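Engineer: Dumping the structure here so I can ask a few things about it.
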Amino acid sequence: MLTLTEAAAAIRQHKLSSVEVTRALLARIERWQPILNAFVRVEVEEALAAAAAADAAIASGDVCGPLHGVPLAHKDMYYITGRLAECGSKIRSGWVAPATSTAIARIQDAGAVRLGALHMAEFAYGPTGHNEHLGPARNPWDPQRITGGSSSGSAASVAARLTYAALGSDTGGSIRLPAHFCGVTGFKPTYSRVSRANTMPLSFTLDTVGPLALSAEDCALIGSVIAGADPLDPTTRGVPAWDMAATQRTPKGMTIGVPRKFYVDGLESDVAALLDEALATFRGLGARVVEVDLPDQTAISAAALIVLAVEATSLHAPWLRERAGDYGAQVRNRLQNGLAYSAVEYLEALRWRGPALAAHLAAIDGIDVVIAPASSAAAPTIDETDVGGGPGAEAAIQAITRFMRPINYLGLPVLEIPAGQSRHGLPIGLQLIGRPFGDETAIALGRAFQTATSHHRRIPDFP
Amino acid sequence: LKLTVLATIIRIEFGCHMIDPTSGLAAPHLHQEEAVMPNEVTPERVAAIAAAARVPLEQTSAARVAKAVNPTVTRFAAQMIALPLEVEPATYAVVAGQGMITK
């Protein structure tokens, strides 16, 4: 099975047609979808028509970009003018987007073919892949287990090779957690590096847009297409241009930091062993590995929770007033939780973000990338994490997202890479956490790791 | 404004305030105030904020919310954050811009 980069090259070089690869993926979707529930809409006729048009353009020597003719699908929160964007919800059921997301527009301009829209947690506010309205998405490695969320369909569909890559979003781990649980590569960019314009918001201070794909190289390719300033998203003003050459740097001379605390506490033995194994691989590739004392991540995590909760509740307040009964129980309860924080607490959490990042940068002085597990364990089962809106839900959610939240608060880039499998054959991933705007460096390390290992090439068997 | 923000960061970094040089935390003597500051979320507080936001909330929900958020509020309060007057949310963007330089 080809990666995105390989498929794009094969189509460009006339070795494969866009129609051929689109048909192949549609056949896989037809087979896997009843098991995975990864798609919310499959656009068969439109995809084949777009693929045929892409082939015709190539035949006349008109290649419009690096994704020309490549079929992709994305989380159902990216707006396209005149198309549904239901955001995994009942409230936006039937909602037609009035504009096109900048990230999607750039992917379309690069020539991609659209396969359809992917499953997600309701309003991207859930870390497991459960959805009261759509039913849960299922993990291709074991359909009884969660995909992780909120980019549940993105991870499941990439892992099962139903699409070459998929956009997800990451506000509190929603790219990295599903990438970890489903064994794919996920890229959460630095906050503000990729425009969020006309993408469903959850928390405007923490939201990031990025891909899940089969390799670091594929993430670099998508990054090169979607990153950069956009007048529709003022946070992107002045961000550095994407440096593709920097994604191909060698690890020689790079320094990797391993936290002494928090991210290494309470790990299951197979996660700890794979972390050690990865460090040995990086040393073999010429990187220097050092221990690092990060500032207290529990305080940063609390600040992240406050910012996320208040901003999400603020965005949803009109519907909480009028249509609270149309939310799933867990999402409604979490949105209600955001009512508990005072304005002063919220603004203190926002104002502390700069000093907290300064403290982090002081701690990682001389370090290019910090490595950390994504979770203490591989994917749990759907049943054991089906906490709904019950009394233990908030604690359960916080446990799953423990290694995620501080990174969103600090706005750092992360490449999540498959690093091996648990004793039960389930994927386990690691986070390569870069410096602000050091996205390309994190990808370069992941890319080097994937030249030395084959974890990212494992494909789940059809059950 | 840029100069003010940069000056603030420099003050944070070089410890010219009663603030930890890098973390923005208050000096230890401020802990004496802790005893008089409530840091536990009550259902009444949740109900009052919900009413102010015009979001209907049942009493049982207010109790559930209070219980759910208490660990977060308590942890954040324990951090005793006391930032210099000049630090604002946009300070983050300035620090992030400086942080892109690797070594």
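Engineer: At A:ARG31 and A:ALA362, where each label point lies 7 Å from the Cα along Cα→Cβ, what is the point-to-point distance in nanometres?
Structural biologist: 5.7
Engineer: How large is ³J(HN,Hα), in whole Hz, for each residue of the range A:313-321 in order, when computed from phi with the Karplus curve 6.51 cos²θ - 1.76 cosθ + 1.60 and θ = phi - 60°, using x for Gly and Pro?
Structural biologist: 5, 4, 5, 9, 3, x, 6, 4, 6
Engineer: With +1 on each Lys and Arg Cβ and -1 on each Asp and Glu Cβ, and nothing else charged, work out how big the dipole of chain A is about its Cα centre, in Debye to the nearest 20.
Structural biologist: So the magnitude is around 300 debye.
Engineer: Quick check: residue separation of A:ALA49 and A:TRP95 times 0.36 nm, minus the Cα distance between them. What number comes out in nm?
Structural biologist: Residue separation times 0.36 nm, minus the Cα-Cα distance, leaves 14.1 nm.
Engineer: Something else about it: Considering Cα pairs under 8 angstrom that are at least six residues apart, work out the relative contact order of chain A and quote it in whole percent.
Structural biologist: Numbers: 1060 pairs, mean separation 81.4, N = 463.
Relative contact order for chain A comes out at 18 percent.
Engineer: Report the label-to-label distance for A:VAL344 and A:ALA329 in nanometres (one decimal), using points 7 Å from each Cα along the Cα→Cβ vector.
Structural biologist: Reported label-point gap for A:VAL344 and A:ALA329 is 3.6 nm.
Engineer: How compact is the range A:123-233 by the rule of thumb for globular proteins, expressed as Cα Rg over 2.2 N^0.38 Å?
Structural biologist: It is 1.01.
Engineer: What span do the alpha-carbon atoms of the range A:279-402 cover on each of the three principal axes, reported in whole Å from largest to smallest?
Structural biologist: 58, 39, 19
Engineer: Shifting gears a bit: Between A:ARG260 and A:SER454, what length comes free when the chain is fully extended (0.36 nm per residue of separation minus the Cα-Cα distance, one decimal in nm)?
Structural biologist: Fully extending the segment from A:ARG260 to A:SER454 adds 67.1 nm.
Engineer: Please order A:LEU347, A:LEU25, A:LEU426 by the number of other Cβ within 10 Å, starting at the fewest.
Structural biologist: Fewest to most other Cβ atoms nearby, the residues stand as A:LEU347, A:LEU426, A:LEU25.
Engineer: In what order do A:ILE443, A:ILE175 fall by count of nearby beta-carbon atoms within 10 Å, going from fewest to most?
Structural biologist: A:ILE443, A:ILE175
Engineer: Rounded to the nearest 500, what is the protein assembly as shown's calculated 222 nm mean residue ellipticity when only DSSP H runs of at least 4 contribute -39500 (n - 2.57) each, over all residues?
Structural biologist: On the way: 19 runs with 229 residues, N = 566.
Mean residue ellipticity at 222 nm (helix-derived): -12500 deg cm²/dmol.
Engineer: OK, next. Have a look at A:VAL113, A:ALA85, A:LEU72 and report the one farthest towards the positive end of the charge dipole of the range A:1-124, computed about the Cα centre with Cβ charges (Lys/Arg +1, Asp/Glu -1).
Structural biologist: A:ALA85
Engineer: A further question follows. Please list log₁₀ I(q)/I(0) at q = 0.10, 0.13 Å⁻¹ for chain A, using the Debye equation with identical point scatterers on the alpha-carbon positions.
Structural biologist: -0.65, -1.15
Engineer: Dipole of the range A:185-255, Cα-centred, from +1 at each Lys and Arg C-beta and -1 at each Asp and Glu C-beta, to the nearest 20 debye?
Structural biologist: On the way: 6 positive and 6 negative charges, 42 e Å.
The dipole of the range A:185-255 has a size of about 200 debye.
Engineer: Arranged by the count of other C-beta atoms within 10 angstrom, fewest first, what order do A:MET404, A:MET254, B:MET80 take?
Structural biologist: If I rank by nearby Cβ atoms, fewest first, I get B:MET80, A:MET254, A:MET404.
Engineer: Between A:GLU268 and A:ASP386, what FRET efficiency follows from the Cβ-Cβ distance if R0 is 25 Å, with the result rounded to 0.05?
Structural biologist: 0.75
Engineer: What is the distance in Å between the Cα centroid of the range B:60-100 and that of the range A:273-308?
Structural biologist: Cα centroid to Cα centroid, the span is 22 Å.
Engineer: Okay, moving on. Which three lengths, in whole Å and largest first, does the range A:1-106 cover when its Cα atoms are put on their principal axes?
Structural biologist: That gives 45, 32, 22 Å along the principal axes, largest extent first.
Engineer: Here's a follow-up. Quick query: amide H of A:GLY168 versus all other amide H atoms, modeled in the peptide plane; which residues come in under 5 Å with a sequence gap of 5 or more or a different chain?
Structural biologist: A:GLY210, A:LEU212
Engineer: Same structure again: Would you mind computing, in nm to one decimal, how far apart the modelled labels at A:VAL289 and A:ASP461 are, each placed 7 Å from Cα along Cα→Cβ?
Structural biologist: Between A:VAL289 and A:ASP461, the simple spin-label model gives 3.2 nm.
Engineer: Counting partner chain Cβ atoms within 10 Å of every residue's Cβ in A:341-352, what's the average?
Structural biologist: Across the residues of A:341-352, the mean count of other-chain Cβ atoms within 10 Å is 5.
Engineer: Okay, moving on. Looking at the protein assembly as shown, send over the antiparallel percent of its DSSP beta bridges, to the nearest 5. Working shown, then result.
Structural biologist: Numbers: 34 of 46 bridges.
Taking every DSSP beta bridge with both residues in the protein assembly as shown, the antiparallel ones total about 75 percent.
Engineer: Give the cross-link partners of A:LYS252 among the aspartates and glutamates, using a straight C-alpha distance below 12 Å as the criterion and excluding same-chain residues fewer than 8 apart.
Structural biologist: Answer for A:LYS252, where 12 Å is the Cα cut-off: A:ASP368, listed by chain and number.
Engineer: Moving on to the next point. Pulled fully out, how much extra length does the chain show between A:LEU279 and A:ALA317, if you take 0.36 nm times their separation in residues and subtract their Cα-Cα distance?
Structural biologist: Once the chain is fully extended between A:LEU279 and A:ALA317, it gains 9.1 nm.
Engineer: Within the range A:324-345, whose backbone N sits under 16 Å from a point 7 Å along Cα→Cβ of B:ARG54?
Structural biologist: A:324
Every read-out reported here was derived from the displayed coordinates using simple, explicitly stated rules and does not represent laboratory data. Everything numeric here is computed off the predicted structure, so don't read it as measured data. Note that we place each Cβ from the backbone using ideal geometry, even for glycine, and neighbour counts take in every protein chain shown.
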